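Only one structure is covered here, and it is reproduced in the block below.
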Amino acid sequence: MNDLFYIQESEGVQTLKCRPFEEIPFLRHGFSTKRGGISRGDYASMNFSTNKESQEIVDENYRRFCAANGLPLESLALTQQTHTTCVREAEGFLKGKGRTIVGNDVDGLVTKEQGLGLICFTADCVPILLVDPKAKVIGAVHSGWRGTVGGIGKKAIERMVALGAEPQNILAAIGPSIGPCSFEVGPEVQKEFDTAFGGRLPAVPSDRAGHTMVDLWSANEWVLRDGGVAKEHIFKAEVCTFCEHALYYSHRYTNGRRGSLIGSIAMEE
């Protein structure tokens, strides 16, 4: 982790924060850790997946996280993520309805609505939070390797622009995910990255013959820059979920026996 990010603890809930986002008075955001919830076993202690645990346990985890981070528990938008490049707008009618699934096969959300929180789920994939502080438009994106090569971050920017944002004003926070130290892929996946990024993301051989290491952080930075976001407006936490599995859920480290993290963002009304 670098100096642009820090862990905030509030009532036992530990949240990773982006300092430049904290400087925006109306913005509320956070990347969850495993600390502060009531989940048990493989999911201890702050899991946000109802596929893993009961609705009651997940509800309490949301309540604690939202209370610790000033997020609107009564107005949260989320999606059924399936590693697509689909980005949807979360509209004002969702406010006051609790946690609402905006769509299936959707991996990114944007909104201009104040008082509406956006959620993305991860456990090695890349969470990206976006804000245009001038136009007051925000976004939350789940970018796995398929979403990365498909440019979902750029598609989210395009949806934000449709709501009045300007790419040069957008700030991006790239949260915890599997890092270039741990994300080993086979030749088929490497070919996808070569096609998408070419020489901008050179292949790095791994210790296994025919396999390579991929830098999802840099790849998503390039996607965002292709969308018009300035390099100096892209903040990377540089936190590897695989290496830091004690604090973050990692699908690859646990072979799927894990909970789900969230990236979250909202604007105060």
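Values quoted throughout were computed directly from the atomic coordinates according to the rules given, and no laboratory measurement underlies them. Please read all numbers here as calculations on a predicted model, not as lab measurements. Methodologically, a virtual Cβ is constructed for each residue, glycine included, from the backbone with ideal geometry; neighbour enumeration extends over all protein chains shown.
So here's what we get for this one:
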quantity: For the chain: relative contact order, % (alpha-carbon pairs under 8 angstrom, 6 or more apart); calculated: 23
quantity: Qualifying lysines (Cα of each under 27 Å from Cα of K52; at least 8 residues distant if same chain); calculated: K17, K34, K95, K97
quantity: Linear extension gain, E192 paired with H211, 0.36 nm per residue minus alpha-carbon span; calculated: 5.5 nm
quantity: Free-standing Cys residues across the chain, given no other cysteine C-beta under 4.7 angstrom; calculated: C18, C66, C86, C120, C125, C181
quantity: Packing-based ranking, highest mean first, of 77-83, 202-208 given that Cβ atoms within 10 Å are counted; calculated: 77-83, 202-208
quantity: Stretch gain in nm, segment R252-Q168, where the contour uses 0.36 nm per residue and the Cα spacing is subtracted; calculated: 26.7 nm
quantity: Candidate lysines for bridging to K191, where Cα separation is under 28 Å - those fewer than 8 sequence places away on the same chain excluded; calculated: K154, K155, K231, K236
quantity: Separation between Cα centres of the range 19-62 and the range 218-257, rounded to whole Å; calculated: 18
quantity: Pair E23, D59: separation of 7 Å Cα→Cβ label points (nm); calculated: 4.1
quantity: Two-decimal Rg to Rh for the chain - Kirkwood Rh, Cα set; calculated: 0.94
quantity: Nitroxide proxy distance, nm - points 7 Å out along Cα→Cβ at E244 and I7; calculated: 0.8
quantity: Under 10 Å, Cβ to Cβ, from I152 - net charge with Lys/Arg +1 and Asp/Glu -1; calculated: +2
